Structure formats: C-alpha cells, structure tokens
1. Could you please state how large a percent of the accessible area of the stretch 208-302 is carbon and sulfur, counting protein chains only and using a 1.4 Å probe?
2. Could you pull the accessible area for Ser147 with a 1.4 Å probe, rounded to 10 Å²?
3. Could you calculate the FRET efficiency of Thr248 with Glu529 from 1/(1 + (r/R0)^6), where r is the beta carbon distance between them and R0 is 60 Å, rounded to 0.05?
4. In whole angstrom, note down how far apart the Cα centers of the stretch 140-175 and the stretch 524-597 are.
5. In whole percent, how big is the carbon plus sulfur part of the accessible area of the stretch 511-593, probe 1.4 Å, protein atoms only?
6. Pull out the extension gain between Asn207 and Cys22, defined as 0.36 nm times the separation in residues minus the alpha carbon to alpha carbon distance; nm, one decimal.
7. How big is the dipole moment of the stretch 521-580 about its Cα centre under a simple scheme where the beta carbon of each Lys and Arg is +1, that of each Asp and Glu is -1, and everything else is neutral? Debye, nearest 20, please.
8. Note the direction-averaged projected area, equal to a quarter of the hull surface, for the Cα convex hull of the stretch 75-211, in nm².
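The values are calculated or read from the model by the stated rules, or taken from the named source; none is laboratory data. Since the structure is predicted, the reported quantities are computational estimates derived from the model, not experimental observations. Using ideal geometry, Cβ is built from the backbone for each residue, glycine included, and neighbour counts are taken over all protein chains shown. Side chains are part of the model used for accessible areas, which takes the heavy atoms of the whole protein and leaves out ligands, DNA and RNA. Shrake-Rupley method; radii C 1.70, N 1.55, O 1.52, S 1.80 Å.
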Amino acid sequence: MEHIRQFDWCYSQPEAHFLRECDLANSVTEKILRNKFHDPLISSDSEEETPAINWDEIFTKKQNYNRQFRVYVPCFQTIQYPKLSALTGHQHYQLLRVICAQYPDVLDQVFIPRPTKLDYKVFEELKPIYEKEQKEYIEWAKSMWTSSHCIRALRPKPHIETVYEASFKIKAKEMESFPKMFDMAAQIPLESRNNMFDMILEKEIVNVDLEMLPQIECRPITKKLTVMRPCPVPEPCNKHPCRFILPTEKTVSILPFTEVQRELAQFAVDNGCQYVSSESAVKCLVELDRAWDVPVSVSAAFDPDGETTNVVVLGNEFSTNRESSLRRTYKAFRHLLQHTLIPPTEKYKLHYKDKNSQQNNQESNKRNLLSDMDLSSDDEENNLCIDDNSLNTEDNLDPPDSVMEIEHQTDTTETSEKQNKEIASDIEYYTCTCKDFLSVALPSRDSGLRFEPETGLVTRSIYLALYNISETIFERPPPRSFKKWRIRDRTTDEQFNIVIHCSHKVRDKSGEVILEPIPEYQLDLGASEQSKGKIRSLALSLYLRKNASLMNVRIDGATGEVATFEKSDIEELKVKQGDVVNDVSAALHSALAQLHGLLPGHYVLRHEPSHGNNALLYAAKCSARQLRLQWDAAADGDDADQLKTAPTLTTVLLPFHK
C-alpha cells in the first residue's frame, strides 16, 4: 500500500480561471475605483496632490455643448395663444407621434419615435377634440392677419423691389413691337363638361442637356438661410429685345417680339402643328384664381405643300401695371431663390454654355477681331502689335495667365482721348447691354498685358474681345426644349397638335428641379395652402419634363428666411390631388378649341378672378378704346383691398409648430 500512499490521487492543477484576493488588490480596476494612484515623488501630507478643478471651464464647455447640439428650428417664433388646450401633455405627445408619421419631411432632423397601436387608438379617440381646437386656432390666426401680418405683407424689402422692377422692364422692352390698342372680340370658356381628355407626347423636337444646368444644394437647415442677398438682375437690351433663342438658331435672336412669334409659327407648321405656346402661357390657362394677360398672335405660315396655314402662337405672361405686393414678392423670390441655392462652384454654369459651343464662339470671335484689324495702316496710332503666341493658348472663362502683349503708341494725350471716344462709339454699336462690359476690371500688369493709362479703354476692348470674358449670366437665357404634344378628347375624338417650349434652369443629383417659392406671412401660426390652380400649374410643369421633381420652398415674406424644403414628383401629386393631368388637359383643349379659326393678327387673352372660368379675348385695332397697353412700373394700386382676405392655412407644417 506504500506505493498507493506515495501517489497523490487527489492532485489537480491550480485553478487559473478565478481571481484571488491578491489579484484583486493589485488590479488596475481596483486601483481606479479606490483611487490609490499616488505620485511617489510627492509626500502624502502634501496639499498639492489634490487636483484643482476649474468649475468655470466645465460650465462653459457644457454650455457650448448644448448650443452646438441644439436643434435649430428656422423661422420659429413663440406666440401667445390666449387659450389653453384641454389635452394633457402626454396626450399631445401621443398625437405628435402620429402627426410626425403623417408628415415625415417636416423637421426630419429631430428624432420622434414611431407611433404605436395605442398612439393610433388615442389619436382616433381624441381627433374630434383636436380638430375642434385646431379650427379655433385657425380662426384666431385669421384675425391676426389684419393686424400684424398684413402690415408685413404690404412692405416688401428693397431687394424684392429691385428684382421685380428689373423683370418688369425686361418684359416692357420685349413687348415694344406688340400693338398697344385692343377691342374686346370674344369670351372664351376655359373649362369643359367632359372629363375624358388625354395629353400625349408625340415627339421631342429639341432636347436640353441637363448636365449643363447648375446643380442646386438643399441641405438640412441647421442655421439661418435667407434669400435677401445682393443678386445680379438683367437689364433691357436694344440689340436683343427678346431674350429668346429660336429652335433653328444658336444665338440670341435680334428680332422683335412679333417676328419671333412668326418664326415660331413657321417652326410649328414644319412639325405638323397648328398651335405653339410657351410654358408660361399654358400654365396661365389652368390658373383661374388670379389675374393674368397672355399675348396671342395668329400668323400665316407655309406648309410643305406650299399652302398657307394659320398658326396660333401664345407668348409669355405679361403685366402692364405694377402688381400687388404679394405677387411682386413671389416673382422676386423665384429669382433670388435660384441664386441662393446654387453653390459658388456651380455659378459659372449660369452662362448656360456647353464646352463645345463656347470654344467655337471664342475662336470665331478671335478670327473676326483679327480680320477687322487693319495692321497695314500707315497711321502709327492705329498700329496694334499682338503676339501670335497668345492666340494659341487654351481659352477659359477666367482671364488666362499666358503671355499676351499689346503695344499702343501715342503721341499726345488729346489724340488718345479722341481715339477712345471713337472706339467707344464703335463698341456701343457692335456690343449689346446684355454684356456687363464696364464692370470687368482692367487686367493687371502681371498677366502679360501692357497698356497706357490714357488708352485703357482701347486695351480693355481688345482684351475682352480676344478672351471673351465680358459675358455675364444674362447674355444667354436658360436652354429651352421644344416638344410636340397631342391633346385629345376621348369622347368626340377631337384632337389638337401643339408645340410647347419650356426653359430649364437648375437640377439636382437625380434630375431637373422646379423651384417654387411660397412666401409665408403667418409661419408662426401655420403654413399657407397652395391653391388648386397653382397645384395644376405645377403638375403641368412636371408633366412637360422628363424625370423632373418639384421643390416647394417656404420663405418668410418679411425676412426672406427659408423655413422648409418640400420635394415631390408628379406621381405624388396625383396621389394627393387626384388626376390633375386630366384637369389640365381639359382646360387646354377647351382654350385651343376656342382659339381655332382666328384671323391673322395680334390678340390679348385676359383673365381676372371675377371672370370665373372664362377669359376675354381682345383684338388689335387702330381706334381701340377698351384696352390700352401702357407699361407703368411706378403705378401702385391699393394693396390693402387685395390683402383683406387672409391666406388659407394648412397642416403641412404641423409638427414644425408643435
């Protein structure tokens, strides 16, 4: 048994998976919890071992942290509603969950949990009380319109007035060739009892490359974003009265408005159509809740068989008198919004020129300039020495840094001043006011261009002509597409072929975007509801384009601050608003049927809200008494009468205000 006793049958390896007391005493975690870290160089009795806490720095960091991560709510103002709600705070939170689920695009940077089944049940139970309080709130908001909000609507900002006056002058210059006196000829209905209409795309005649359009940037609004900023505005041009590029040309037309209408009529006949219209005109035909004027021209054109055919041409909307403050603000916001949302890196695309056409234009300008110069003249003052190497450099929009040398020799100061006046008169004759010629700064001496101070105008004109940098964003209008549409009545099988041309301005990453500003004057009370006519107009704009989206931008009318972005497409409008395309087709078919058979001449189609679903057609006559077109931008009507009716409030921004 000795060998059994010598062998330890109970022997086992030491357990290493459990902590011992010594291990806990020496662990770092235990030292951290007991705070037993001591500096061995410092005595235990020293008071310097106690850390000094700067409480001011801690509180400052806390405030900065809260300020940095606090959610910014644009245009939010706390209002003193005199009545308290009958619902508790928890019930409001349950309702808020359901409301935010119904409007997911409103203040999406704030996290709100998804509603539960209990929240939906509470929402249905409290819906009568909630709707009653909401109705009372809207009635109280209408009473506020006549006190404070109406005053803000009656006083547009100077930026708004500047932009509106510029657009007003442009349209007045365009309509100079149009007749000024008219008599009423007929009353035209803009509705039909039949609801079976189709609007079918037949052919895309002229397309637009969307890549050449500037790309807008719509980020979540985390700080104040306002459209009230300095913005370039166009001016009337004597050489180009119409900022329009005909489909058969590549440059801006120098023809007057009536001749442009005649060229469009011939273009429509060549494509088998009896009507041609701008997007602005067809949008007016479906907006019956506001006043508008549309020029109508009936021109005789030759068809392929050599026979004459009358074509009805509808132009852009115009106004002879200064419009109401609400309308002025809307038109100015539409111009300011585009420049606000375009980042600086995309500003150069506002020239709306593709690279190929730009290079061709610059090369032709150089050739024309060199051919016009008489370098063989014996007059020393007219001799200009141009370095040939400068013509071989690549052309860009920015002034080049390549070597270009221009030497201008002068004898006396009087002769140079006379030379400047003569060349200035030639420049005014050959250039147009679309180019911001005088705003271009003189080139520096470092750019390789040498000039004398007395002959700066001569040097600058040659420099700008060579490098084509005198272009502004208003030299070329936005590109325009031309499409052939067929509007058919499915009941009677009556159909009309029409060419509709649209301008294309901006895009985003997914495609073209239509920017629609909504001036708000009661954002602290609720959002303004878009009228039925405006919704039809926007649906028509989307339908006329391929893969386009609508961007409704709500802007505070008093400050110009952007509140929200609401993006949608044609399918979403159909779901929310019904078959709006059928309503649009019905209005267009009714208008075209009434305009069919008009004699050649010029007309004005006028509509006012008091006309109902009708419009008045005026014919041009020499001794007219009923309608005279006199453009007066200074005339300002009584806006107080037009602003007595408060805008209809909608719940689209309800989570925003809750």
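1. 52 percent
2. 60 Å²
3. 0.90
4. Comparing the Cα centres of the stretch 140-175 and the stretch 524-597, I get a distance of 21 Å.
5. In the stretch 511-593, the share of accessible area belonging to carbon and sulfur is 48 percent.
6. 58.3 nm
7. Dipole about the Cα centre, nearest 20: 360 debye.
8. Seen from a random direction, the Cα hull of the stretch 75-211 projects 19.1 nm² on average.
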